[in-house]
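*Asks:* The structure follows.
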């Protein structure tokens, strides 16, 4: 055993995800389990996504003046109170919903020859009877 203390490096997440902004996903875990929503923002570096109207947090906010709202006239004030906003969810807790069979599915890849783009990598549904392309 080494005499000096060695630090473990933090786990490095892959910077690529199979999910994209605009995909419809279903929650697999948490308080919103089973519900579906659209991805508003994807964060591949963190391995997280923000899903519309799911995993909502309540933030209590004071009314505050808005900076540089308008150069002319008085200052505008942002409203206070309880504000609900969607929080990030780990990618492992959501599953893509296939647009063809309307069921949650794992994602596979297939290569397609295109006239304009050439050899294109396309996401496909991995369900037994489906196998349709997700990216149209």
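The values are calculated or read from the model by the stated rules, or taken from the named source; none is laboratory data. Remember, predicted model here, so these are calculated numbers, not experimental data. Don't worry about glycine lacking a Cβ; one is built from the backbone with ideal geometry, like all the others, and counts go over all protein chains shown.
*Asks:* Count, please, the residues in region 21-42 that happen to be part of a loop (DSSP other than H, G, I, E, B), in contact with a strand residue (DSSP E or B) (Cβ under 6 Å, 6 or more places away or on another chain) and touching a residue at least 12 places away in the same chain (Cβ under 8 Å). Before you say what the answer is, go through the steps one by one.
*Replies:* Within region 21-42, the first condition is being part of a loop (DSSP other than H, G, I, E, B), and the residues that meet it are 21-23, 28-35.
Filter once more, so that each one left must be in contact with a strand residue (DSSP E or B) (Cβ under 6 Å, 6 or more places away or on another chain): 21, 23, 28, 33, 35.
In the following step, the residues that additionally are touching a residue at least 12 places away in the same chain (Cβ under 8 Å) were identified as 21, 23, 28, 35.
Looking only at that region, the number is 4.
*Asks:* Let me ask something additional. Looking only at region 15-28, how many residues end up being out of contact with any helix residue (DSSP H, G or I) (no Cβ under 7 Å at 6 or more places or on another chain) and either modelled with pLDDT under 55 or within 19 Å of residue 55 (Cβ to Cβ) (or both)?
*Replies:* 7
*Asks:* Suppose we filter 131, 80 for residues that are in contact with a strand residue (DSSP E or B) (Cβ under 7 Å, 6 or more places away or on another chain) and under 22 Å from residue 26 (Cα atoms); which single one remains?
*Replies:* On inspection, the qualifying residue turns out to be 131.
*Asks:* Here is a follow-up. Taking the stated definitions as given, is residue 33 over 14 Å from the mean Cα position of the chain (by Cα) and modelled with pLDDT of 95 or more? Give the steps one after another, and end with the answer.
*Replies:* Working: over 14 Å from the mean Cα position of the chain (by Cα): yes; modelled with pLDDT of 95 or more: yes.
Criteria met by residue 33.
*Asks:* Which number in (1) outside the structural domain of residue 136 (by TED's automatic domain parsing); (2) modelled with pLDDT of 90 or more; (3) on the phi < 0 side of the Ramachandran plot marks the one condition that residue 55 misses?
*Replies:* (3)
*Asks:* Residue check: is residue 67 surrounded by fewer than 14 Cβ atoms within 10 Å (Cβ to Cβ) and either out of contact with any helix residue (DSSP H, G or I) (no Cβ under 7 Å at 6 or more places or on another chain) or closer than 27 Å to residue 43 by Cα (or both)?
*Replies:* Values: surrounded by fewer than 14 Cβ atoms within 10 Å (Cβ to Cβ): yes; either out of contact with any helix residue (DSSP H, G or I) (no Cβ under 7 Å at 6 or more places or on another chain) or closer than 27 Å to residue 43 by Cα (or both): yes.
Yes, satisfied.
*Asks:* Still on this structure: Need a quick list: strands (runs of 3 or more DSSP E) entirely within region 79-136 having at least 1 residues that are over 16 Å from the mean Cα position of the chain (by Cα).
*Replies:* In region 79-136, 81-86, 107-114, 118-125 are the strands (runs of 3 or more DSSP E) which contain 1 or more residues that are over 16 Å from the mean Cα position of the chain (by Cα).
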